[in-house]
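The structure under discussion appears below in the form of structure tokens.
What follows draws every value from the coordinates through simple rules; no lab data is involved. Here the structure is a predicted model, which means the values were calculated and not measured. Using ideal geometry, Cβ is built from the backbone for each residue, glycine included, and neighbour counts are taken over all protein chains shown.
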Amino acid sequence: MIFKKIINRFYDLHPNAIVFWVLFLALYFPVILFLLVSFFLIIFIFWPFQSYELSINEFESKEVVVISHGLKDDDTSWAKTLKKQILVQSPTAQVIALDWSYYADNALTCSVNGRRIGNRIAKSLLINSRLNKIKLIGHSCGAFVNYGICEVIKQDQRNIKVSSIYLDPVSIYGGVFWRFGQNNFGDCANDSVTYFDTEDGVPGSNSSPSNSEGVDITNLKSQFNYRGSPHQWPIYYYIAINK
């Protein structure tokens, strides 16, 4: 019924049948289709469908480290290895190798999910009155978990020290805001460092955000005999230098 009214309205504007159908098929229909697809895509990306059921222990330590993997990854590929290293260096810290793989499986929704999950983790962290130091390590889309934790922590408790480590962070938020990470990552942290590879083809991952200290490790692959993907290189570099 609505579609019929729209057609009639267009026809009133262009009573000549040939002109009407030429304009409708060449201009009006593509524009309407684009707007409808964009509308439903934005709803799909930003509507809070997820309940975000994650298995995380209560935070009790004064120092907490959260490690977040990226798109189509999980905590077993590298996060648990890094967790073991950090625990050797800082045995009193509580280290979380976050497994949010169920919510990090779609490139369009990964960033939105990551930020919202980070917000929820931050609220759990704030329950711990002993907390005074947080270190956030995020790769790729896991950068949005970093950001989500940091923004809530600093809104509530600015005296808690937050350090952000970004490993080839993805900049695109919700598939729409292409420079979100470049403009925002690191801005709420006390200190922030980004390790990046300029050969990385993932948008926004091959440079440092404006609010984070950048470390270009592109030309260091040969020193570590690395032959893998540029997007994964900062992970292995960071693990290697923290042994």
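How do 231, 139 rank when sorted from fewest to most other Cβ atoms within 10 Å of their own Cβ?
On the way: 231 22, 139 31.
Going from least to most buried by this count: 231, 139.
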**Message:** Straight-line reach from residue 80: which lysines fall under 19 Å, measuring Cα to Cα and dropping same-chain residues less than 8 apart?
**Reply:** 72, 135, 243
**Message:** Can you tell me what share of the DSSP beta bridges in the stretch 63-241 is antiparallel? A percent to the nearest 5 is fine.
**Reply:** 5
**Request:** Would you please give the residues with an amide H less than 5 Å from that of residue 213, counting only those at least 5 places away or on a separate chain, with H modeled from the backbone geometry?
**Result:** 192, 193, 194
**Message:** Run the simple label-point estimate for residue 54 and residue 80 please: 7 Å along Cα→C-beta, distance reported in nm.
**Reply:** 1.8
**Message:** Using DSSP to call loops (not H, G, I, E or B), can you name the trypsin sites (Lys or Arg not before Pro) in the stretch 111-187 whose Cβ has at most 12 other Cβ atoms within 10 angstrom?
**Reply:** 130, 158
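Mind sorting 193, 162, 88 by how few other Cβ atoms lie within 10 Å of their own Cβ, fewest first? Working shown, then result.
Working: 193 17, 162 22, 88 10.
Ascending Cβ contact count within 10 Å gives the list 88, 193, 162.
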**Fill in**
HN-Hα couplings for the stretch 229-238 via Karplus (6.51, -1.76, 1.60; θ = phi - 60°), in whole Hz with x for Gly/Pro, come out as 5, x, 5, 8, 4, x, 4, 5, 5, 5
**Asked** Which of the aspartates and glutamates could be linked to residue 84 by a straight reach, that is with a Cα gap under 15 Å, when you skip same-chain ones fewer than 8 residues away?
**Response** 75
**Fill in**
Quick calc: nm separation of the 7 Å Cα→Cβ label points for residue 159 and residue 219 -> 4.6
**Complete:** Sorted by chain and number, the residues with a modelled amide H under 5 Å from that of residue 96, at a separation of 5 or more or across chains, are 65, 66, 67
**Complete:** For residue 206, the residues 5 or more places away or on another chain with a placed amide H closer than 5 Å to its own amide H are none
**Prompt:** With θ set to phi - 60° and the Karplus curve 6.51 cos²θ - 1.76 cosθ + 1.60, what are the ³J(HN,Hα) couplings of the stretch 52-65 in order, to the nearest whole Hz, using x for Gly and Pro?
**Reply:** 6, 8, 10, 9, 10, 6, 5, 8, 10, 7, 6, 10, 10, 10
**Request:** Would you list, by chain and number, the aspartates and glutamates whose Cα falls below 15 Å from the Cα of residue 161, excluding same-chain residues fewer than 8 positions away?
**Result:** 63, 151, 187, 191
**Prompt:** Cα centroid distance between the stretch 48-119 and the stretch 186-213, in Å?
**Reply:** 19
